[in-house]
Amino acid sequence: MTSIRALALFTIAPLCAHAAMPDTPTMIPTAPSASTPRPAGPVPGTRLTDSYVRLVARDAYFWAWPLVNVMSRRAAYSQVPTRMYVGGAPLAPLNELTMLTDYFPPEVRAVACPNQDVVYGSGFLALDKSPVVIQVPDFGERFWVYQVVDSRTDSFAQLGRMYGTRPGFYMLVGPNWQGDVPAGITQVFRASTSTGSVIPRVFMDDDAGDKAAVQQVLKLVTMYPLDQYDGTVKSVQWSSLRQMPAAASSDTERAWVIPEKFFDLLPAALKDAPPLPGEQARYAQVLAVVEAAKADPALRKAMDEEARKADAELIAPLFEFRNFGLPLPGHWSTTTNTAAFGTDYFTRTAIAKSNIFVNAPNETKYFYQDLDADGQRLNGRHAYTVTFARGATPPVDGFWSLTVYNKHHFFAPNELKRYSLGTKSKTLRYNADGSLTLHVQSTPPDAGDTGNWLPAPKDEDFSLYLRAYGPQAAITGGQWTPPEVPRLR
């Protein structure tokens, strides 16, 4: 009993003592070493093992791949002397943009997964050189959105019909810009990086009448350095620009990230994109290794070897839609944080590899499909259908489309020169019960009605890609998802 009573007193005493403690907590000084500045990475001159260098290089190649991709594109745009078209792709000097006047040409290989629902524009930002002014005309009832992203491919400006954006002049400035905003500027958006991209998208119906009608507003879509701003509306006759042939044709997207050059571009890419909260140590670690490798060719060789392996083992599989994203019924997948990735390195790199420069989810919702209803790879040897029940086409305030891409995520040549179907299409015919069936196959449907036919590439794997521009709550909330893709034969 004595031992039990003693134990009780032992356990109760601290509780009583705690209850009697003053309201103000006792301040315990920090250990001296905790407040002493620490090295951010390996101390310069530290001998580094081959295995450690390989570990850091492999990790950095994955999470920094999108940043180097964008920096590489900026380097290419810096060589563009004037607004022009090269191989059908719109190009412009840094801090300017060029608009197309029709759908994206099917032969262009500058960026994977283009669509043929909108008229695109393209411009690259160098906000360390100058702020820019973006001109927004009155689009009337036409759907439009300007994608504006930083070097991380995160959106930092909201310009589009879904935002109720008014016609006017809008200004983009870099993270360190200080200056006076000129009179007449409607709104200013500040980027967290100096490098970025601006991609206007303007909806156009697939008929001659609307293709002619949209030209007037396209002339007023433009971007230019701040020193060219004078408060007047500028107009550009895009169809008069110089047309240059592409240097070479390819089946795949241009390689913007070269493993052997990755660590040459990385320091500039990281300098342009200051670390997000929690990234400081990650930055310091890889930059210390890059610096050490400058004096040790063996270390640089190890880094390049790991970059090549990471490109094949980590990056390449993310080209396939079925390898990332949130799984949905019928083997579809989607993402919920496009253009707002933060430190979700996996999704950012997956999107950058498979279909870089996508809109924020409230602007456009994307659904990806590599598989049929039975989980088998979609292939042009077979025929498939996509049937939307009555009243169950994608609920949007803008438009929707279903696009087919070949195994390289580009358009497959076909006799109709048709690569997508949706809101823009005037050929669609609904079934007697009000449902809509799209036929996805390499040959015409047996019924002979080609209005609902989405031609697939012959004898090769392909992917389906559903876009919902101006998605309604049923889409963004996950209540609506695309129908499964059954194989007919």
request  = State which residue pairs qualify: first residue over 30 Å from F399 (Cβ atoms) and crowded, with 17+ Cβ neighbours inside 10 Å and inside segment 162-190, second residue of a type in the set (S, T, N, Q) and at pLDDT 95 or above in any location, beta carbons under 7 Å apart, and separation of 6 or more residues or different chains.
outcome  = G174/S194
ask   = Quick one: which of R487, R429, R418 is surrounded by fewer than 13 Cβ atoms within 10 Å (Cβ to Cβ), out of contact with any Cys (no Cβ under 7 Å at 6 or more places or on another chain) and not aromatic (F, W, Y)?
value = R429
inquiry  = Residue under question is T334, and the condition is that it be crowded, with 17+ Cβ neighbours inside 10 Å, among the hydroxyl-bearing types (S, T, Y) and either within 28 Å of V145 (Cα to Cα) or in contact with a His (Cβ under 9 Å, 6 or more places away or on another chain) (or both); does it hold?
reply    = yes
query = Among the residues of segment 442-489, how many are more than 21 Å from N406 (Cα to Cα), touching a Phe, Trp or Tyr at 6+ places or on another chain (Cβ under 6 Å) and of a type in the set (A, V, I, L, M)?
reply = 1
ask   = Is there a residue in segment 129-138 that is within 18 Å of the chain's Cα centre (by Cα), outside any helix (DSSP H, G or I) and small (G, A, S)?
value = no
key: Filter pass, T24 being modelled with pLDDT under 75 and not acidic (D, E)   = yes
query = Being surrounded by fewer than 17 Cβ atoms within 10 Å (Cβ to Cβ) and more than 22 Å from the chain's Cα centre (by Cα), is that true of even one residue in segment 363-374?
reply = yes
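What number of residues in segment 443-463 are of a type in the set (A, V, I, L, M) and in contact with a Ser or Thr (Cβ under 6 Å, 6 or more places away or on another chain)?
Count: 1.
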ask   = When you look at D311, is it within 26 Å of T46 (Cβ to Cβ), modelled with pLDDT of 95 or more and outside any loop (DSSP other than H, G, I, E, B), yes or no?
value = no
note = Expected output for segment 37-54 (first residue in the same structural domain as E291 (by TED's automatic domain parsing), partner among the charged types (D, E, K, R) and surrounded by 10 or more Cβ atoms within 10 Å (Cβ to Cβ), Cβ below 6 Å, 6+ apart or cross-chain) is R54/E306
ask   = Tell me, which strands (runs of 3 or more DSSP E) wholly within segment 139-225 include 3 or more residues that are within 26 Å of A110 (Cα to Cα)?
value = 144-150, 195-203, 222-225
request  = Within segment 61-81, track down each residue that is over 19 Å from the mean Cα position of the chain (by Cα) and not β-branched (V, I, T).
outcome  = S78, Q79, P81
inquiry  = Restricting to segment 383-438, name every residue that is under 23 Å from the mean Cα position of the chain (by Cα) and aliphatic (A, V, I, L, M).
reply    = V396, L402, V404, A412, L421
request  = Would you mind finding the one in V221, V217 that is on the phi < 0 side of the Ramachandran plot and crowded, with 21+ Cβ neighbours inside 10 Å?
outcome  = V221
Odd one out for A293 among (1) farther than 23 Å from Y52 by Cβ; (2) out of contact with any Pro (no Cβ under 6 Å at 6 or more places or on another chain) = (1)
message = For segment 246-272, give me each residue that is more than 22 Å from D311 (Cα to Cα) and either in a helix (DSSP H, G or I) or under 22 Å from the mean Cα position of the chain (by Cα) (or both).
response = K271, D272
message = Just to verify a result, which residue in segment 432-444, among those that are surrounded by fewer than 18 Cβ atoms within 10 Å (Cβ to Cβ) and not aliphatic (A, V, I, L, M), is nearest to M204 (Cα to Cα)?
response = T437
task = Report the residue count in segment 247-288 for those that are over 23 Å from A60 (Cα atoms) and either among the β-branched types (V, I, T) or surrounded by 15 or more Cβ atoms within 10 Å (Cβ to Cβ) (or both).
result = 1
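The values are calculated or read from the model by the stated rules, or taken from the named source; none is laboratory data. What you see is a predicted model; the values in this text were computed from it and never measured. Methodologically, a virtual Cβ is constructed for each residue, glycine included, from the backbone with ideal geometry; neighbour enumeration extends over all protein chains shown.
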